[in-house]
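Here, each number is a calculation from the coordinates, and none is a lab measurement. Just so you know, these numbers come straight off a predicted model, no measurement behind them. Neighbour counts run over all protein chains shown; Cβ positions are idealised from the backbone, glycine included.
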Amino acid sequence: MDGIYKEIDQKLVILSNERIADGVYKMTLEGHTSLITAPGQFINIKIPGFYLRRPISICDYDASGLTIIYKVVGNGTKDLSSMKAGESLMCLMGLGNGFDVSAMGDDVLLVGGGVGTPPMYGLAKKLLAMGKAVTVVLGFNSYSDVFYTSEFEELETSVKDGSMELRVATVDGSVGTAGFVTNCLEGTEDITDYAACGPIPMLKALYGYFEGKAPGQLSFEERMGCGFGACVGCSIKTKSGFKKVCKDGPVFFSSDIIF
Amino acid sequence: MTDIRTELSGLVLDNPIIPASGTFGFGREFAELYDINILGSFSFKGTTREARFGNPTPRIAECREGMINSVGLANPGIDAVINEELPAMREVFTKPVIANISGFSVDEYKYCCERIDKEEQVGIIEVNISCPNVHAGGMAFGTSPEAAAEVTEAVKSVTSKPVYMKLSPNVSSITDIAIACESAGADGISLINTLLGMRIDIRRGRPVIANKMGGFSGPAIFPVALRMVYQVYEAVNIPIIGMGGVSCAEDVVEMMMAGASAVEIGAANLTDPYICPKIIERLPVLCEELKINKLSDIIGHAHG
Ligand SMILES: Cc1cc2nc3c(=O)[nH]c(=O)nc-3n(C[C@H](O)[C@H](O)[C@H](O)COP(=O)(O)OP(=O)(O)OC[C@H]3O[C@@H](n4cnc5c(N)ncnc54)[C@H](O)[C@@H]3O)c2cc1C
Ligand SMILES: Cc1cc2nc3c(=O)[nH]c(=O)nc-3n(C[C@H](O)[C@H](O)[C@H](O)COP(=O)(O)O)c2cc1C
Ligand code: FES
């Protein structure tokens, strides 16, 4: 197709697909990633045998491929988990706005809850590369649900001392602080911004905690018909009008959000 | 090469492929993906008098070979459509477009059609009568021949553009409704809209869709849609735009053989944004395989 038009439906080849926690899988895929422009964007995956595609956040990417992390919750993700290296998937690429790092100051708090964690990895990497200080808080239910903490730790050791700090909370206290991510926020009074992805109650708690203190960017989920702005299936009401989670989001500024 | 042009009420289309209302917005998202001027035309998002958020979310559910939507006519309202969407659309689409109009009262249909009548780029007005009539206990206009005729007449009185009435399949006799529309002056018939459907999330034991039910569409409904197009073709003498589950060039030919002069493609645009260009490319090849010299010759061919 002509160069002025975007070929968003790309064939990605599975390089690996492995279980990394209870019901949670990490998949690496090879293919064109030039349409990905920001951390927090997602891809919409055609899983053979299912009519609608499955939206999954991009955890990390480079010029030759990307990583996703997904939880098995239904038949689509179950089938995805049994796919093998060498098989391929058609994916709509570079969907959504992603996090706006240019709007962030130099001391950013990143909060990921459960499978809301993956986009925080790409975002942390990006912010660190820009020379910003990053505090990452990850929340899980229990020991068996925890994943990707070692990757975050590697990131922490790869940058100069003090520019990154990692905190983990589990509801049952089996790893890190006992409780929710909001129990891990001491010392964050001076942050310039926060970014978050996770369950709605977590986003709501953070929104309340930082209201009037720091601006945030929050990533939302909604059931999607298309993922690229055509069906208006994924609308939410914001202070600046009706918005599509798939196209205007999934990331929205705290100043725009109505809870 | 086969001539794949077709005609709707004097409007000659380069091909019979028309993205269906509600699956193509106002064309902008797709204009980034391909040159949308290759389409026969497209039917823009159902427009009402006021801006509407639509129904609460979740309003999309997956089905085997299909989907349910209860988007609920979310749209920016006729003023914003005329002042913002249509000027933006003109930048990316230069052919006559199909204006899809909805309403919750006869007056609302009339008002919207009167406004849209003045828009030069609108080639056809497609009137969606699957909406509930708020003045008649919420029963959809499209479920009674009298109400369907009343809307047709009201709309015809305010526009000189061809009016295509878009029928709901959720009726006991689709031909009665089509005949009522034709008698009331309709220039054509579009069918089918979505079938009322439902899914339950068995883990929660609750409907998937916030509004409980919604419109079922996609490949699974193709045989129902085809049957209705076939029946309506025998009942009326005005052109038909056939739709419901069309997903490939073969489906297009089948719909046309049943009696459709052109074909709309809905849900398939959502799962494969390039489906329309793919079908337009494949259609002449398929025609050659089937030894069809002129695509419009096959309209209603299955009626023997
Ligand atoms: C922008 C975005 C990013 C996401 N990123 C991730 C991620 O990185 N990792 C991850 O594990 N999950 C992510 N999700 C959730 C993921 O899309 C669902 O878990 C997945 O679609 C479930 O599919 P299924 O067939 O297993 O479940 P089923 O319940 O059988 O799916 C049925 C239908 O509902 C939809 N659906 C079910 N749950 C959700 C949900 N939570 N959000 C949206 N649609 C849903 C499915 O897409 C499908 O159309 C994301 C969702 C969105 C909207
Ligand atoms: C998400 C979605 C939104 C729709 N919105 C409208 C609408 O605004 N007006 C209308 O007349 N039909 C609407 N429809 C119905 C389609 O135009 C079409 O009649 C129906 O979906 C059957 O075709 P399909 O099986 O190819 O999807 C909508 C369908 C879908 C899937
Ligand atoms: S999912 Fe279709 S518009 Fe967002």
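A few comments on the model shown:
- The range A:65-110, residues that are farther than 24 Å from A:PHE228 by Cβ and of a type in the set (S, T, N, Q): A:SER81, A:SER82
- Selection within the range B:183-240 - part of a strand (DSSP E or B) and within 16 Å of ligand 3 (Cβ to nearest atom): B:GLY214, B:GLY215, B:SER217
- The range A:212-226: number of residues that are near ligand 1 (Cβ under 9 Å from one of its atoms) and either in contact with a Leu (Cβ under 8 Å, 6 or more places away or on another chain) or touching a residue at least 12 places away in the same chain (Cβ under 8 Å) (or both): 6
- Residue ID - farthest from B:PRO207 (Cα to Cα), chosen from residues in the range A:205-232 that are away from ligand 3 (no atom under 11 Å from the Cβ) and in contact with a Cys (Cβ under 8 Å, 6 or more places away or on another chain): A:LEU218
- Within the range B:162-182, being over 22 Å from B:VAL97 (Cβ atoms) and not in a loop (DSSP other than H, G, I, E, B) holds for B:ILE174, B:THR175, B:ASP176, B:ILE177, B:ALA178, B:ILE179, B:ALA180, B:GLU182.
- Of residues in the range B:65-102 being of a type in the set (Val, Ile, Thr) and farther than 18 Å from B:GLU29 by Cβ, the one nearest to the other protein chains (Cβ to nearest Cβ): B:ILE68
Quick grid of which residues meet (1) in contact (Cβ under 8 Å) with a residue 24 or more places away in the chain; (2) surrounded by fewer than 15 Cβ atoms within 10 Å (Cβ to Cβ); (3) among the hydrophobic types (A, V, I, L, M, F, W, C); (4) within 16 Å of ligand 2 (Cβ to nearest atom):
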| residue | (1), (2), (3), (4) |
| --- | --- |
| A:LEU80 | yes, no, yes, no |
| A:LEU89 | yes, no, yes, no |
| A:LEU92 | yes, no, yes, no |
| A:LEU95 | yes, no, yes, no |
| A:GLY98 | yes, no, no, no |
| A:SER102 | no, yes, no, no |
| A:GLY116 | yes, no, no, no |
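- Cβ pairs under 9 Å, 6+ apart, first in the range A:182-211 and acidic (Asp, Glu), second in a helix (DSSP H, G or I): A:ASP193/A:ALA103; A:GLU211/A:SER254
- A single entry from A:PRO55, A:PRO39 fulfils the requirement of being buried (at least 20 other Cβ atoms within 10 Å of the Cβ), within 14 Å of another protein chain (Cβ to nearest Cβ) and within 26 Å of A:PHE220 (Cβ to Cβ): A:PRO55.
- Selection status of B:GLY142, part of a helix (DSSP H, G or I) and either under 16 Å from the mean Cα position of the chain (by Cα) or within 14 Å of ligand 2 (Cβ to nearest atom) (or both): yes
- Boolean, B:ARG64 is more than 16 Å from ligand 3 (Cβ to nearest atom) and basic (Lys, Arg): yes
- The range A:177-196: number of residues that are closer than 15 Å to A:THR135 by Cβ and surrounded by 14 or more Cβ atoms within 10 Å (Cβ to Cβ): 13
- The strands (runs of 3 or more DSSP E) falling completely within the range B:1-69 that include 3 or more residues that are surrounded by 18 or more Cβ atoms within 10 Å (Cβ to Cβ) map to B:17-19, B:60-63, B:66-69.
- Residue ID - farthest from the other protein chains (Cβ to nearest Cβ), chosen from residues in the range B:47-64 that are charged (D, E, K, R) and more than 22 Å from B:ALA267 (Cβ to Cβ): B:ARG49
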